[in-house]
């Protein structure tokens, strides 16, 4: 970083991150911002000004804000997450989203909350890894497009401050992510997201969410802290927002342990809690053709039982991929494929944790 006042320049690691961002955004920055919109990227104009930091002599976006290092950390986090976002987008285009019973329950609960006057408009969707949380929003977006304005927000590591000094930065990150997910364009000077503007940005969120029924979908809420939970409580109290909060069982236990009062307040405002624990043979059957098994009932029963123990819908997806060309598969063949899929998932988990 330069020593001159108000002049910021990237170090080697930061420059590599910005070069990677420049390469990924390509010539059509508007399309990139639309597809992978993030609070730290924002509009094409902001992205262009961020990338100006790569050119000597230009005044970049970093020189116009109070915390350029904080923004740079967010950009590095965004670039780490980008491959997963790109893969998710490709899967959304290629994969048919099945009408699983848990998805239908979420649709029904959301519709029931739409016109409620009370703040009991939170829906907790608690599912283990492999429980299809990532596909739930796509299903809701299709089924509820005429009922709600929809906002998709990823709960990130930076929502949960590691130290007291990072609390203000975490608060701004939560607000930025919500505004980005809801496509709220803040005018000057709020779009600068300075620390002293947090209350005014909260008021802008309240104003936006009072106007029309809005479903706010929080993806993978494992990085919750007291501030976002308190913000959701306030928004449920004061607006028409319906909150769909997805997380793993472990994350849900963590909230109740470390943010006890806030978690209990969310529980009091919950219209429904949908837990994905046991997969039914009917849901498992949605993945397979009618003629795929010699004994369909027996095959789906064992697939549902084994997937409920480990892997859930990710396990069923692996089984489906192996059996996709089979017809009238015997029970022995099904059990063989289940065993193979389980070994592969265990091997991947061990590799990922090395």
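Read the figures in this text as sums done on the coordinates, not as results from a lab. Just so it is clear, the model here is predicted, and its values are computed rather than measured. Here Cβ is always computed from backbone atoms with ideal geometry, including for glycine, and neighbour counts include all displayed protein chains.
Computed FRET efficiency, Cβ-Cβ of residue 194 and residue 86, R0 35 Å: what is it to the nearest 0.05?
Values: r = 32 Å, r/R0 = 0.90.
Efficiency, from the Cβ-Cβ distance: 0.65.
Please give the length that would be gained between residue 301 and residue 54 if that part of the chain were fully extended, namely 0.36 nm times their separation in residues minus their C-alpha to C-alpha distance (nm, one decimal).
Working: separation 247, 0.36 × 247 = 88.92 nm, distance 5.78 nm.
Result for the pair: 83.1 nm of gain on full extension.
Grab the beta carbon distance between residue 258 and residue 346, set R0 = 35 Å, and tell me the FRET efficiency rounded to 0.05.
Details: r = 30 Å, r/R0 = 0.86.
Once rounded, the FRET efficiency stands at 0.70.
Mind checking the full-extension length gain between residue 105 and residue 238? Use 0.36 nm per residue of separation minus the Cα-Cα distance, one decimal, nm.
So the chain would gain 45.3 nm between residue 105 and residue 238.
So if each residue of separation counts as 0.36 nm, and I subtract the Cα-Cα distance between residue 112 and residue 332, what length gain in nm does that give?
Working: separation 220, 0.36 × 220 = 79.20 nm, distance 4.45 nm.
Stretched fully, the residue 112-residue 332 segment lengthens by 74.7 nm.
For residue 145 paired with residue 13, estimate the spin-label separation in nm (one decimal), with each label point 7 Å from Cα along the Cα-to-Cβ line.
Reported label-point gap for residue 145 and residue 13 is 4.3 nm.
Please give the direction-averaged projected area of the C-alpha convex hull for the stretch 96-275, in square nanometres with one decimal.
Result: 10.0 nm².
Mean-square fluctuation check for the chain, GNM, Cα pairs under 10 Å: which of 308, 118, 132 is largest?
118
Would you mind calculating the relative contact order of the chain from Cα pairs under 8 angstrom and at least 6 residues apart, reporting the percent as a whole number?
18
Largest first and in whole Å, what are the equivalent-ellipsoid semi-axes of the stretch 281-352 based on the Cα gyration tensor, each being the root of 5 times an eigenvalue? Kindly include the intermediate steps, with their values, before the conclusion.
On the way: eigenvalues 84, 29, 20 Å².
Semi-axis lengths for the stretch 281-352 are 20, 12, 10 Å.
Between residue 273 and residue 134, what's the calculated FRET efficiency when r is the beta-carbon distance and R0 is 22 Å? Round to 0.05. If you can, show how the numbers build up before the last one.
Numbers: r = 19 Å, r/R0 = 0.88.
E between residue 273 and residue 134, to the nearest 0.05, is 0.70.
What residue among 76, 122, 329 shows peak mean-square fluctuation when the chain is described by a Gaussian network model with Cα springs under 10 Å?
Top of the fluctuation ranking is 329.
Return an integer: the convex hull volume of the alpha-carbon atoms of the stretch 12-93, in Å³ per residue. Walk me through the numbers before you get to the answer.
Working: hull volume 7.5 nm³, N = 82.
Expressed per residue, the convex hull around the Cα atoms of the stretch 12-93 is 91 Å³.
Which of 104, 31, 219 moves the most in a Gaussian network model of the chain with Cα springs under 10 Å?
31
222 nm [θ] for the chain, helices only, -39500 (n - 2.57) per DSSP H run of 4+, per residue, to 500?
Values: 15 runs with 194 residues, N = 354.
When only DSSP H runs of four or more count, the value is -17500 deg cm²/dmol.
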